[in-house]
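A short worksheet on the structure shown next.
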Amino acid sequence: MGNNPFLDYWGTEIHKDPAHLSSIAKAVKKDTSPVRGSLDKEKRMCLFPADNCGNVYTTTLFECNGPSRPCGSPTRPCKHMYRLAMELGLFDGKFETGVNKNLQLSASEAIPLVDALPYACQEKVKDFLYICYSDGDRPFCIEASDKYAPLLSFPLLSPIPVSTDALYNLYSTKRDIFPLLDRAAPNAPRELSKKKLFQWCADNLSDMFYAFTFVPDFRRAQHTVYSHLLKKFPNLDDDTI
Ligand SMILES: [Zn+2]
């Protein structure tokens, strides 16, 4: 026995057959992403979303209860088994992870995650949602602080490198960054233009900021989560409330 249970079972030759190539081509697509967190490396199994209602297919390297029941055949792995094998590093494939239309988080899944954050972080998530809502997908940025550190491991946000774009979302004028420079970089070249100064800060002071985007599967629920946070933390200076 080799140490690759997928190839030991299915062999190495069949994967070049046109029918298999088509399953392999589907397996690498975003739409064949497994359910978030369902990959069990020890048991070598995972779940795939069947619809947006939480129904799933269970897939191992050798069996799948996907839509064609049985999905695949005694002589042929289905796209789910190929994808599982790729996720486990047992079969070559440059697979994309991301916006599986069946993988969007529901508001009832997202709200408890937000509510579990400390209040200061919840308010930041509200601010990010507001930016996202009014300006589309943009990077969010805040000055690094212990009180916001829980956002770094918050499952609805992806930490990204600090960029000038992210800093533009944080500071509206060049002077707004001066208090931070006073504390952290008294010798910063403040005479630079706003754009160049922000670039200098992104290059030299990256530890001073946290930058994020929302994860792709938190699209559908954003609006409902924003409404939830707005009730909890009203904008006090907004006359309409
Ligand atoms: Zn299948």
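Okay, here's what the table says:
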read-out: Matching residues in region 17-67 - criterion: being closer than 24 Å to S108 by Cβ, within 11 Å of the ligand (Cβ to nearest atom) and free of Cβ contacts under 8 Å to residues at least 12 places away in the same chain; value: none
read-out: Residues satisfying the stated conditions in region 60-94, i.e. out of contact with any Cys (no Cβ under 6 Å at 6 or more places or on another chain) and not in a loop (DSSP other than H, G, I, E, B); value: T60, S73, R76, K79, Y82, R83, A85, M86, E87
read-out: Counted residues, region 151-205 - those being hydroxyl-bearing (S, T, Y) and either surrounded by 15 or more Cβ atoms within 10 Å (Cβ to Cβ) or in a helix (DSSP H, G or I) (or both); value: 5
read-out: So A25, is it in a helix (DSSP H, G or I), of a type in the set (G, A, S) and modelled with pLDDT of 90 or more; value: yes
read-out: Residue within region 196-204 that is at pLDDT below 95 and on the phi < 0 side of the Ramachandran plot present; value: no
read-out: Matching residues, region 131-150, being part of a helix (DSSP H, G or I), modelled with pLDDT under 90 and under 19 Å from L105 (Cβ atoms); value: C132, Y133
read-out: Of all residues making up region 68-89, the number that are at pLDDT 80 or above, within 7 Å of the ligand (Cβ to nearest atom) and not basic (K, R); value: 3
read-out: Number of the exception - L229 against (1) hydrophobic (A, V, I, L, M, F, W, C); (2) over 17 Å from Y133 (Cα atoms); (3) at pLDDT 95 or above; value: (2)
read-out: Breaking point among (1) basic (K, R); (2) part of a loop (DSSP other than H, G, I, E, B); (3) at pLDDT 95 or above, for R219; value: (3)
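The values are calculated or read from the model by the stated rules, or taken from the named source; none is laboratory data. For clarity, every value in this text was computed on a predicted model and none was experimentally measured. Cβ coordinates were reconstructed from backbone atoms using ideal geometry, including for glycine residues, and neighbour counts include every protein chain displayed.
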